[in-house]
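Q: Have a look at the structure that comes next, please.
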Amino acid sequence: MTSLLRSTLHGGLGFGVVSVAAYSIWAFMPRLAGSEIGMYALIALVYLGGAGLALCGLLQGEHRLGRFYRMFLPAFFGYALLWSLAWFVIKGRPGEWVGAAAGTLFFSFMCWNSLKRPSGFWIAALVLFALHTAGYFIGGKWMYGVLGSGIEGWTKPQVAIVAKLGWGLFHGLGFGAGIGFALGWWQRSQH
């Protein structure tokens, strides 16, 4: 298995787990923070806290956890802020697309800059955008499909939990695979 494929799989699987944990707030405790904005903030905190534990192995060299958090925290915070602004200001499908584009571009730039600007920025940034956005929209299709068809023998609240967690899984798999690809791509000359 090539190191690029390995980092893509590591990113997808690791961030998939973190994303399910983050979406669990929406699935199980959406009113915990008191508002929709508060819920998004709690979800972002789960991502910010869990990602380093799941993905620090994508970095080469020593002190991976600390270096990962120094790179990831501002990158993901900016991504979450840009995505949320697009969602709340533009709304609907256009807001999701603008948020995905602006958020992943910012995320890519921050990670790339943290890695000392290696060659191939646009290739990795576009792959990250494509994988993230595919995971996000496949997750949305999953959720609305499950909500629409239900699960035989399950209550509506149980179906809603499965639907929301599924969206989190697909979004995390896609975004994480994109992160893994980008970090693997930008570090490929360091092997």
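Q: Using θ = phi - 60° and the Karplus curve 6.51 cos²θ - 1.76 cosθ + 1.60, what whole-Hz ³J(HN,Hα) does each residue of the stretch 115-121 get, with Gly and Pro shown as x?
A: Per residue, the Karplus-derived 3J(HN,Hα) values read 8, 6, 6, x, 5, x, 4 Hz.
Q: Then there's this: If packing is taken as the average number of other Cβ atoms within 10 Å across a peptide's residues, how do 45-54, 60-69 rank, most packed first? Write down the numbers at each step before the final one.
A: On the way: 45-54: 18.2, 60-69: 13.6.
The packing order, highest mean first, is 45-54, 60-69.
Q: Could I ask something else about it? Relative contact order of the stretch 75-142, please, whole-number percent, based on alpha carbon pairs below 8 angstrom and at least 6 residues apart.
A: Details: 55 pairs, mean separation 20.2, N = 68.
Worked out over the stretch 75-142, it gives 30 percent.
Q: OK, next. Which whole-number value in Å² is the accessible area per residue of the stretch 82-191, probe 1.4 Å? Working shown, then result.
A: Working: 5520 Å² over 110 residues.
It amounts to 50 Å² per residue over the stretch 82-191.
Q: Compute, for the chain, the length of the dipole vector about the Cα centre, with Cβ point charges of +1 (Lys, Arg) and -1 (Asp, Glu) only. Units Debye, rounded to 20. Don't jump to the answer; show the numbers that get you there.
A: Values: 13 positive and 4 negative charges, 55 e Å.
Dipole magnitude for the chain comes out near 260 debye.
Q: Which of these, 77, 107, 170, has the largest mean-square fluctuation under a Gaussian network model of the chain (Cα springs below 10 Å)?
A: Maximum among the listed residues: 77.
Q: I would also like to ask the following. Cα gyration tensor of the chain, axes a ≥ b ≥ c as square roots of the eigenvalues: rounded (a/c below 1.5), prolate (a/b > b/c) or oblate?
A: Numbers: a/c = 1.83, a/b = 1.67, b/c = 1.09.
In terms of gyration-tensor shape, prolate.
Q: Also, I was wondering about something else. Give the value in nm², to one decimal: projected area of the alpha carbon convex hull of the stretch 1-97, averaged over all directions.
A: Numbers: hull surface 29.0 nm².
That works out to 7.2 nm².
Q: When the helix-only estimate is applied to the chain (DSSP H runs of n ≥ 4, each -39,500 (n - 2.57), divided by the residue count), what is the mean residue ellipticity at 222 nm, nearest 500 deg cm²/dmol?
A: Numbers: 6 runs with 155 residues, N = 191.
One gets -29000 deg cm²/dmol as the mean residue ellipticity at 222 nm.
Q: Now for a different question. Using the crude model of +1 on Lys and Arg Cβ and -1 on Asp and Glu Cβ, and no other charge, please compute the dipole size for the stretch 20-125 relative to its Cα centre, in debye to 20.
A: Working: 8 positive and 3 negative charges, 38 e Å.
Roughly 180 debye, rounded to the nearest 20.
Q: Return the sequence-ordered ³J(HN,Hα) values of the stretch 72-77 in whole Hz as given by the Karplus equation 6.51 cos²θ - 1.76 cosθ + 1.60 applied to θ = phi - 60°, using x for Gly and Pro.
A: Working through the residues one at a time gives 6, 4, x, 5, 6, 4 Hz.
Q: Another question about this same structure. So for the chain, averaging the separation of alpha carbon pairs under 8 Å that are six or more residues apart and normalising by length, what relative contact order in percent results? It would help to have the intermediate numbers written out before the result.
A: Details: 290 pairs, mean separation 69.3, N = 191.
The normalised contact order for the chain reaches 36 percent.
Q: Leaving out ligands, DNA and RNA but keeping every protein chain, what accessible area does residue 20 have, in Å² rounded to the nearest 10, with a 1.4 Å probe?
A: The value for residue 20 is about 40 Å².
Q: Then there is this: For the Cα atoms of the chain, what angle does the longest principal axis make with the long axis of helix 156-186, in degrees from 0 to 90, nearest 10?
A: So the inclination is approximately 10 degrees.
Q: Compute the convex hull volume of the Cα atoms of the stretch 56-169, divide it by the residue count, and report the result per residue in Å³ as a whole number. Let's see the in-between values first.
A: Numbers: hull volume 14.2 nm³, N = 114.
Once divided by residue count, the hull of the stretch 56-169 is 124 Å³.
Q: So how much slack lies between residue 81 and residue 35, counting 0.36 nm per residue of separation and subtracting their Cα-Cα distance, in nm? Before the final figure, lay out the partial values.
A: On the way: separation 46, 0.36 × 46 = 16.56 nm, distance 1.62 nm.
My answer for the length gained is 14.9 nm.
The values are calculated or read from the model by the stated rules, or taken from the named source; none is laboratory data. What you see is a predicted model, and the numbers here were worked out from it, not measured in a lab. A quick note on method: Cβ atoms are made from the backbone with ideal geometry, for glycine too, and the neighbour counts reach across all protein chains shown. Protein only, heavy atoms only, side chains kept; ligands, DNA and RNA dropped before computing areas. Shrake-Rupley method; radii C 1.70, N 1.55, O 1.52, S 1.80 Å.
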